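The values are calculated or read from the model by the stated rules, or taken from the named source; none is laboratory data. Because the structure is predicted, anything quoted here is derived from the model rather than measured. Cβ atoms come from the backbone with ideal geometry, glycine included; neighbour counts cover every protein chain shown. SASA here: full protein model, heavy atoms, side chains in, ligands and nucleic acids out. Shrake-Rupley method; radii C 1.70, N 1.55, O 1.52, S 1.80 Å.
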Amino acid sequence: RRRVAVLISGSGSNLQALIDAGTRSDSAAEIVLVVSNRADAFGLVRAERAGIPAVVVDHRHHPDRAAFEAAIMAELHAAEVEIVCLAGFMRILTPGFVEAWRDRMLNIHPSLLPAFRGLHTHARALAAGVLVHGCTVHLVRPELDDGPILVQGIVPVLPEDDEARLAARVLELEHRCYPLALQLLASGAVRVAGERVEAAAPRLLRHPLL
Ligand code: GAR
């Protein structure tokens with residue numbers, strides 16, 4: 001089983017999905033460390049409940065980005081981490097850090113990339129009038145919300161949707177997509193060919209209403 005760290009900043013519901021999937025006997029991944037840049041992240045409580053070591057690396061306690069990232073890197077190395085999952089981790093990582101984890105670091109983003117990179121994805125999807133929305137798990141590249149796509153989850157946008165309803169529908173699917181993507185990567189079922197991922201397994205999940 002590959003040793004996985006999950007980096008969070010908040011609620012950690014995706015972390016929870018990864019923890020739950022990691023307890024399955026056929027899981028190729030084991031969550032061995034949780035890193036939060038915020039001491040008040042609820043995800044830290046989830047880690048504690050699951051008996052997973054968790055550390056806070058607060059960016060405000062470091063003079064610059066390089067020092068902040070060096071502190072995270074030290075924690076990852078100390079725990080002999082092989083794969084990093086960004087799960088609602090709201091700090092931008094420098095190219096140096098990203099390249100150190102090339103093809104071994106995943107991120108989940110609440111849109112169908114390459115549409116709606118950045119923040120407020122659900123509000124922007126509603127404003128754009130798209131009929132299909134969703135989430136993407138991708139390998140991290142230095143460019144924000146860019147990189148080879150492992151798994152996408154699609155949800156319908158319904159006429160009565162507001163931001164909160166749409167966000168909840170997407171989040172439900174995120175919790176299925178992230179464990180699938182991690183399992184694919186950790187089990188060696190995917191091959192990264194340049195900027196595209198190749199896999200024999202299905203990589204698209206759909207909401208029951210689709
Ligand atoms: C998730 O919706 C995730 O896709 C999003 O933050 C939420 C974290 O929720 N990530 C980003 O917006 C990254 N820019 P969680 O803490 O409950 O997993």
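For first residues located in region 1-27 and closer than 10 Å to G88 by Cα, partners that are more than 7 Å from the ligand (Cβ to nearest atom) and open to solvent by 50 Å² or more (accessible area, probe 1.4 Å) and lie 6+ apart or on another chain with Cβ distances below 6 Å form the pairs S9/R38; S11/F42; G12/F42. For region 33-50, the set of residues classified as in contact (Cβ under 8 Å) with a residue 24 or more places away in the chain and farther than 24 Å from H61 by Cα consists of A50 only.
In region 10-26, the residue that is surrounded by the most Cβ atoms within 10 Å (Cβ to Cβ) out of those that are within 17 Å of A167 (Cα to Cα) and out of contact with any strand residue (DSSP E or B) (no Cβ under 7 Å at 6 or more places or on another chain) is G12. If you check V151, V157 for being more than 11 Å from the ligand (Cβ to nearest atom), farther than 21 Å from S187 by Cβ and in contact with a Leu (Cβ under 6 Å, 6 or more places away or on another chain), only one passes: V157. Selection of first residues in region 74-86 that are in contact (Cβ under 8 Å) with a residue 12 or more places away in the chain and of second residues that are of a type in the set (S, T, N, Q), restricted to Cβ pairs under 6 Å at least 6 apart or on distinct chains, gives the following pairs, ordered by first then second residue: L86/N107.
A count restricted to region 74-93 and to residues that are open to solvent by 40 Å² or more (accessible area, probe 1.4 Å) and over 25 Å from R176 (Cα atoms) stands at 5.
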